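Each remark here refers to the structure printed beneath this line.
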Amino acid sequence: MQSVRFRSLLCLGLLGVISLFGCSNLSVAVGPKITQADLRKIKKVAIQLDAGGFAGMPNFGGFRMLGGGGSTEAFSDHFAVELLKLGIDVVERTQLDRVMKEQALNLGGVTETEKTIAAGKILAVDALITGTVGMGQTYSMGYVMGIGAGMHEVVGNASIRMIDVEKGNWLLVITMSDGKDSVLDTAKSFAKALKQKIEGS
């Protein structure tokens, strides 16, 4: 009897874990006039991401709560590390921030995107990765005997654009909605999708 009870608890716990860290809806689109040769030129990038919204919604094994933008930098850092592992050079965020501040003083009356592109040219990057990342938290009741119960940070939605610094046009866009994965797992998924498009695989 205890064995059956334990197996039932284990199955329920595994379902909760699967729902918490399940697959996210990831979509990748390449610009209409972008060729594989254009993408293969991308060897060095700079990342500039902002916090996005994340609506709370019911979730099996717990519930979701609205998350703030405090972890967007954590996502950016994980994303940068994953890109470096895949062989794409990444400019340090503080360097981009410093140049952006200088450009804000020198380039009055231009858009933020234009300032970012100007900063990218100064830093000699091939492309800029901009966009928004919506963070959230999921409360999980845990699995076997409450192990793993508590708040878990997730990326709820994200939209990332890669912009050609030389031409100023969009190379590709990666979007995700209804995210259930951790910050690290989502960063890995985005980096892998980006690398696959660059390599044409």
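Here, each number is a calculation from the coordinates, and none is a lab measurement. Note that the structure is a prediction, hence the values are computed from the model and not measured. Every residue, glycine among them, receives a Cβ derived from its backbone with ideal geometry; neighbour counts consider all protein chains shown.
Under 15 Å from the Cβ of Val30, count the other residues' Cβ atoms, weight Lys and Arg +1, Asp and Glu -1, and hand me the total.
+4
Cα-Cα over 19 Å: which of Lys44/Lys121; Lys33/Lys192; Lys121/Lys188; Lys167/Lys192; Lys85/Lys121; Lys33/Lys197? Walk me through the numbers on the way to the answer.
Values: Lys44/Lys121 11 Å; Lys33/Lys192 22 Å; Lys121/Lys188 27 Å; Lys167/Lys192 25 Å; Lys85/Lys121 24 Å; Lys33/Lys197 14 Å.
Exceeds cut-off: Lys33/Lys192; Lys121/Lys188; Lys167/Lys192; Lys85/Lys121.
Modelled label-to-label distance, Glu102 and Lys44, 7 Å Cα→beta-carbon offset: nm?
About 1.4 nm separates the two model spin labels.
Along the Cα-to-Cβ line of Val28, 7 Å from the Cα, sits a label point; which residues in region 80-97 have backbone N less than 15 Å from it?
82-84, 86-88
If I take R0 = 22 Å and measure r between the Cβ atoms of Lys167 and Glu199 in this structure, what FRET efficiency does the formula 1/(1 + (r/R0)^6) give, to the nearest 0.05?
After rounding to 0.05, the efficiency reads 0.55.
Sort Leu172, Leu128 so that the residue with the fewest other Cβ atoms within 10 Å of its own Cβ comes first and the one with the most comes last.
The most exposed by this proxy come first: Leu172, Leu128.
Between Thr35 and Lys121, with labels modelled 7 Å along Cα→Cβ, what's the label distance in nm to one decimal, could you check?
2.4
What's the extension gain from Ala74 to Thr94 if we count 0.36 nm per residue and subtract their Cα-Cα distance?
5.8 nm
Quick one: Met135, Met100, fewest Cβ neighbours within 10 Å first, how do they rank?
Met100, Met135
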